[in-house]
1. How much length is gained on full extension from residue 80 to residue 107, taking 0.36 nm per residue of separation minus their Cα-Cα distance?
2. What are the semi-axes of the equivalent ellipsoid for the stretch 34-126, taken as the square roots of 5 times the Cα gyration tensor eigenvalues, largest first, in whole Å?
3. Which value, in debye to the nearest 20, gives the size of the charge dipole of the stretch 34-126 about its Cα centre, when Lys and Arg are +1 and Asp and Glu are -1 at the Cβ?
4. So which aspartates and glutamates can residue 121 reach, going by Cα to Cα under 13 Å and dropping same-chain residues fewer than 8 places off?
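Readers should treat all values here as calculations from the given coordinates under stated rules, not as data from a laboratory. All figures in this text were calculated on a predicted structure; none of them were measured in a lab. When we count neighbours, we look across all protein chains shown, and the Cβ atoms used for this are built from the backbone with ideal geometry, even at glycine.
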Amino acid sequence: MNRKILFGLLALTLMTILLSACRVIDADTIPKNPAAHMGSAQFLLPEIDIQKGQKLDLVDDVAVPHTIKNGTWNSSTPDTTQEAGAPSVNLNFTGGDRSTIGPFNQAGTFKIYCTIHGGMKLTIVVK
Ligand SMILES: [Cu+2]
């Protein structure tokens, strides 16, 4: 009889240890990438600062496609320059979707633009 109680207590102790080892991870504690949001024909902010080593989320907030590549708009002329140290960017958004670019492993100023919408460009400053 005593053995049964002892075994029961041991089993209970083991269960407690096992359950406390399974902690629930709050999604808010997982580090998020900084995000640049896109409207119908522009980035909502023209510039974003990020830290070296970070990735950047591009978020298409509207039901409009965008094609985002390295480069910028010089008035109405696309400049397809990819800066040294810039991660390659060539992404198609169909609307209401998001994608991640990077990591940006080098400090500097990097530019991306939308090939569809004249003047739609983003400057990424990596510090
Ligand atoms: Cu666009």
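1. Working: separation 27, 0.36 × 27 = 9.72 nm, distance 2.00 nm.
So the extension gain works out to 7.7 nm.
2. Values: eigenvalues 72, 47, 23 Å².
With the √(5λ) rule applied to the stretch 34-126, the semi-axes are 19, 15, 11 Å.
3. Details: 6 positive and 8 negative charges, 32 e Å.
The calculation lands at about 160 debye.
4. Leaving aside aspartates and glutamates fewer than 8 places away in the same chain, those within reach of residue 121 are 47, 79.
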